[in-house]
Amino acid sequence: MQSDHYSFEHVADGAWAAIALPAGGGVGNACIADLGGRSLVIDCGFTPAAARDLRSAAEEFAGPVERLVITHGDFDHYGGSAAFADLPILVTEPTRAAITENGSARAARLQAQLEDEIAEMKERDAPEWEWEQIDRIAAQLPFDIALPTETYDGERDLGGAVAIDCGAAHTVSDAVVWLPRGRVLFAGDLVTPGNHLNLTRGHPPENWLRALDRMQALQAEHVFGGHGPVAGPEAIADARGYIETLLDLAAQPGDHDVPEGYAGWAFPEGFQQNLEALQAR
């Protein structure tokens, strides 16, 4: 399966990672699961074109798509939902409310903000991949958002996959999806291997740590999330260490540099933003 938006990786029996390409319109990763002659797509990227590639890949790998699951209400995880408008779209109730309130307005703002975005990119001499990405996004504007059609609370068994509501952590509601057949965990933005997490939304980081406990108990062999590569269970421990390090530094006065262990992670500006948000609590 060739795509301008994703590279596809067969992670384990019945599970594929869709890793967002830097210049593509996916922006966030996604997951495809084989439910036995039918497929499940988890998250659907920033743009409809990226989402159409996800749907085509799911049909090629595992059969007709039965349902789209969205892990949380950030646009790079639901912006392409129109490609699944004819199917059930499952989210938690708080995520449904967030997408309903913000989704269409966010899509409309993309076109209005395009000139400012291009001016900002010229000013900082943005790399070539960013120009390719914004060209792909601009070519699709304006586009619609398909709103969620189903909600759940706690857990939802999907027959080969389990959607698990982890509560407020990165956003007002964050879910993960467990694929027991291949012992694969798609963690949304709660675990993003090699990328700084985003703790700036004001939700208690202790909630996030409890979500990580819940994920650890699944004993996954393969873990990946909304950003970064496929990893193993160590990715959960890495996320925990990152949050605990930030909490420790936020309790100490003064400025702090990025610890050496996280210096090579993507989205490096995120560390200082996280630190300031935790210090302001």
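Values in this text are rule-based calculations from the coordinates and carry no lab data. Small disclaimer: the values here were computed from a predicted structure and weren't measured. All Cβ positions, even for glycine, are placed from backbone atoms using ideal geometry, and neighbour counts span all protein chains on display.
In segment 137-150, the residues that are farther than 17 Å from Glu115 by Cβ reach residues that are crowded, with 19+ Cβ neighbours inside 10 Å and of a type in the set (Ser, Thr, Tyr) with C-beta atoms within less than 6 angstrom, at least six apart or across chains, in these pairs: Ile145/Ser81; Ala146/Ser81.
When segment 191-209 is filtered for residues that are hydrophobic (A, V, I, L, M, F, W, C), farther than 21 Å from Ala12 by Cα and buried (at least 17 other Cβ atoms within 10 Å of the Cβ), the ones remaining, listed by number, are Leu197, Leu199, Trp208. Among the numbered conditions (1) part of a strand (DSSP E or B); (2) within 17 Å of the chain's Cα centre (by Cα), tell me where Glu66 comes up short. Of (1) part of a strand (DSSP E or B); (2) within 17 Å of the chain's Cα centre (by Cα), only one is false for Glu66: (2).
Once segment 253-268 is narrowed to residues that are free of Cβ contacts under 8 Å to residues at least 60 places away in the same chain and of a type outside the set (Gly, Ala, Ser), the residue that is nearest to Asn198 (Cα to Cα) is Val258.
Yes or no, residue by residue, for (1) surrounded by 20 or more Cβ atoms within 10 Å (Cβ to Cβ); (2) touching a residue at least 24 places away in the same chain (Cβ under 8 Å); (3) not polar (S, T, N, Q):
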position: Asp43; (1), (2), (3): yes, yes, yes
position: Ala49; (1), (2), (3): yes, yes, yes
position: Ser56; (1), (2), (3): no, yes, no
position: Arg67; (1), (2), (3): yes, yes, yes
position: Gly73; (1), (2), (3): yes, yes, yes
position: His77; (1), (2), (3): yes, yes, yes
position: Ala108; (1), (2), (3): no, yes, yes
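Checked against (1) within 21 Å of Ala20 (Cα to Cα); (2) in contact with a helix residue (DSSP H, G or I) (Cβ under 6 Å, 6 or more places away or on another chain), Thr151 passes all but a single condition, namely (1). Among the residues of segment 210-237, those that are surrounded by 19 or more Cβ atoms within 10 Å (Cβ to Cβ) and in a helix (DSSP H, G or I) comprise Ala211, Leu212, Met215, Ala235, Ile236. Among the residues here, Asp189 does not qualify as of a type outside the set (S, T, N, Q), in a loop (DSSP other than H, G, I, E, B) and without any contact (Cβ under 8 Å) to a residue 24 or more places away in the chain.
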